[in-house]
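Down below is the structure, laid out as structure tokens.
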Amino acid sequence: MSESGAGPVIFAAGTLIPVSSPPLRDGALLVREGRIEAVGAIADVGRENPDTEVRFFPNYTIIPGAVNAHAHLGFRRKDRPEGTTFSDWLGALIERLPEKEAWTAEAASDCAREAIEAGTTYMAESSPYGECLPQLAESGMAGTVYAEFFPHEIGTPEEAVDFIVAKVRELGEGLPERVDAQVSVHSPYTVDPESSRLVARKTREMGWKLAIHLSESPEEVEFLKSGTGGLTDIFGANEWGGVGVSPVRYAQSVELLAPQTIAAHLATGVSQEDIEILAQIGVAVAHCPRSNAYLRCGVSPVPAMIASGIRVGMGTDGLWSSPSMNLFEETLFAVEMHGMSGAAGLELATLGGARALGIEAGTLEVGKWADLAVVETSQEDRDLERGALEAAAGGGVAATVVGGDMIYNRLGT
Ligand SMILES: [Zn+2]
């Protein structure tokens, strides 16, 4: 699948959008050992590296690869649970977990492939006990599996935390260079406060990252504020709701919030006070607007969060709540919803995600990994960023390169 050669390669295109600097017509990147060594005009980069292999895409635009800051690989497009509320949907999903085992691995491979063909180069995936790690590791993408754990299935909070920490250590062995495993605290209504606190402390001690779902649905807000609603009995075991505060305040009280934390959704019940807490602590956010719309979870106040200095990336979530694994399509939806510019959108899909996850990617600049997408665009576009985003959202990705390896290339050139 990979077409990586041993030597350096020049990737060049009619337009190059580094995101970290203005777009370049007839731009090129010199890539050596997976990283970008030079960025400039094709003529200059070519002259300075005369015997280097050149992959030239004249009628295309090269952009940084999409960084998917929150996704689930193990769902398939067909037969998603029906539900008029978030808790109905989640209840139906949980009921089908035994049946789902038969096809989760196949779904994960298919979803990874779909993401790659849409220009995704880095994926932050969350799955129960990291079950989708093999498919992510084999896909060619860089990424992190965040292993969710459900303490009521394991034992005491101490036992549950020891278990998931050991599990993540085991998952981390023998992985490709740019794939790793971390912990996810699934949500405030599935993981009890003591397990949340203990695992948050433990992961921070070890310098690990932590993924959480937070303030996603009206029912989550209700569960935490008053201990009532559709999520009070999700596993027949969560009795810690009714604490009278917002999900953000609750997460802060159990020490889940930190600069290493990436919180997905923040779609419902996020106040200005909550935004200030997130900004002050430095929590990163993954915005999943299509999933939020499908599950009637409201609109995340992303412009206000960005204005407060919060690091925001985009996430597709999984195919049982979202129509595709195309992160650029997700981002175009956000751009329309929030009235953002094409440049702001392209930055959210790439550098925004990289900043949120604390990874060295998201722009095409010297020293970074050569993670990029080659997109078929009209070279006449007046708004180059918007044009590239629309093209990538609409199936225009022709090739995907991760760390200099072309892991997808429908052009055959
Ligand atoms: Zn999710």
**Request:** Take the range 276-293 and flag every residue that is within 16 Å of the ligand (Cβ to nearest atom), without any contact (Cβ under 8 Å) to a residue 60 or more places away in the chain and not aliphatic (A, V, I, L, M).
**Result:** PRO289, ARG290, SER291
**Request:** Please tell me if VAL221 is more than 16 Å from the ligand (Cβ to nearest atom), more than 18 Å from GLU194 (Cα to Cα), open to solvent by less than 50 Å² (accessible area, probe 1.4 Å) and at pLDDT 95 or above.
**Result:** yes
**Message:** One residue is enough: does the range 103-120 have a residue meeting the conditions farther than 22 Å from GLY362 by Cα and in contact with a helix residue (DSSP H, G or I) (Cβ under 6 Å, 6 or more places away or on another chain)?
**Reply:** yes
**Fill in**
Wholly inside the range 295-396, helices (runs of 4 or more DSSP H) that include 2 or more residues that are within 16 Å of the ligand (Cβ to nearest atom) are 327-338, 353-357
**Prompt:** Can you list the strands (runs of 3 or more DSSP E) found entirely within the range 18-73 that contain at least 2 residues being surrounded by fewer than 24 Cβ atoms within 10 Å (Cβ to Cβ), modelled with pLDDT under 95 and not hydroxyl-bearing (Ser, Thr, Tyr)?
**Reply:** 53-64
**Asked** Among the numbered criteria (1) crowded, with 18+ Cβ neighbours inside 10 Å; (2) more than 22 Å from the chain's Cα centre (by Cα), which single criterion is violated by SER184?
**Response** (2)
**Fill in**
Those residues of the range 74-95 which are of a type outside the set (S, T, N, Q), surrounded by 14 or more Cβ atoms within 10 Å (Cβ to Cβ) and part of a loop (DSSP other than H, G, I, E, B) amount to GLY74, PHE75, ARG76, ARG77, ARG80, PRO81, GLY83
**Asked** Among the residues of the range 227-238, is there at least one that is under 27 Å from LEU133 (Cβ atoms), within 16 Å of the ligand (Cβ to nearest atom) and more than 24 Å from the chain's Cα centre (by Cα)?
**Response** yes
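Is one or more of the residues making up the range 142-161 farther than 22 Å from SER196 by Cβ and open to solvent by less than 10 Å² (accessible area, probe 1.4 Å)? Steps first, answer last, please.
Start the filter on the range 142-161 by keeping residues that are farther than 22 Å from SER196 by Cβ, which leaves 142-143.
Narrowing the set further to residues that are open to solvent by less than 10 Å² (accessible area, probe 1.4 Å) leaves 142-143.
Checked against the condition, which is being farther than 22 Å from SER196 by Cβ and open to solvent by less than 10 Å² (accessible area, probe 1.4 Å), the range 142-161 yields at least one hit.
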**Message:** For the range 277-294: of the residues being assigned to a loop (DSSP other than H, G, I, E, B) and touching a Leu at 6+ places or on another chain (Cβ under 9 Å), which is nearest to VAL221 (Cα to Cα)?
**Reply:** VAL283
**Request:** Just one of (1) of a type in the set (S, T, N, Q); (2) within 16 Å of the ligand (Cβ to nearest atom); (3) out of contact with any helix residue (DSSP H, G or I) (no Cβ under 7 Å at 6 or more places or on another chain) trips up THR84, so point out which.
**Result:** (2)
**Message:** If I ask for residues that are open to solvent by 10 Å² or more (accessible area, probe 1.4 Å), touching a residue at least 60 places away in the same chain (Cβ under 8 Å) and in contact with a helix residue (DSSP H, G or I) (Cβ under 7 Å, 6 or more places away or on another chain), which ones from the range 329-347 would you list?
**Reply:** GLU329, LEU332
**Request:** Take GLY174 and decide whether it is crowded, with 20+ Cβ neighbours inside 10 Å and under 30 Å from GLU33 (Cβ atoms).
**Result:** no
**Item:** Residues within the range 251-275 that are assigned to a loop (DSSP other than H, G, I, E, B), away from the ligand (no atom under 15 Å from the Cβ) and either touching a Cys at 6+ places or on another chain (Cβ under 8 Å) or of a type in the set (D, E, K, R) (or both), tallied
**Value:** 1
**Asked** When you look at PHE57, is it of a type in the set (Phe, Trp, Tyr), in contact with a Gly (Cβ under 8 Å, 6 or more places away or on another chain) and within 16 Å of the ligand (Cβ to nearest atom), yes or no?
**Response** no
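The values are calculated or read from the model by the stated rules, or taken from the named source; none is laboratory data. In this text, all values refer to a predicted model and were calculated from it rather than measured experimentally. Note: ideal-geometry Cβ built from the backbone for every residue, glycine included; neighbour counts use all protein chains shown. We work out accessible area using only protein heavy atoms, side chains counted, and drop any ligands, DNA or RNA first. Shrake-Rupley method; radii C 1.70, N 1.55, O 1.52, S 1.80 Å.
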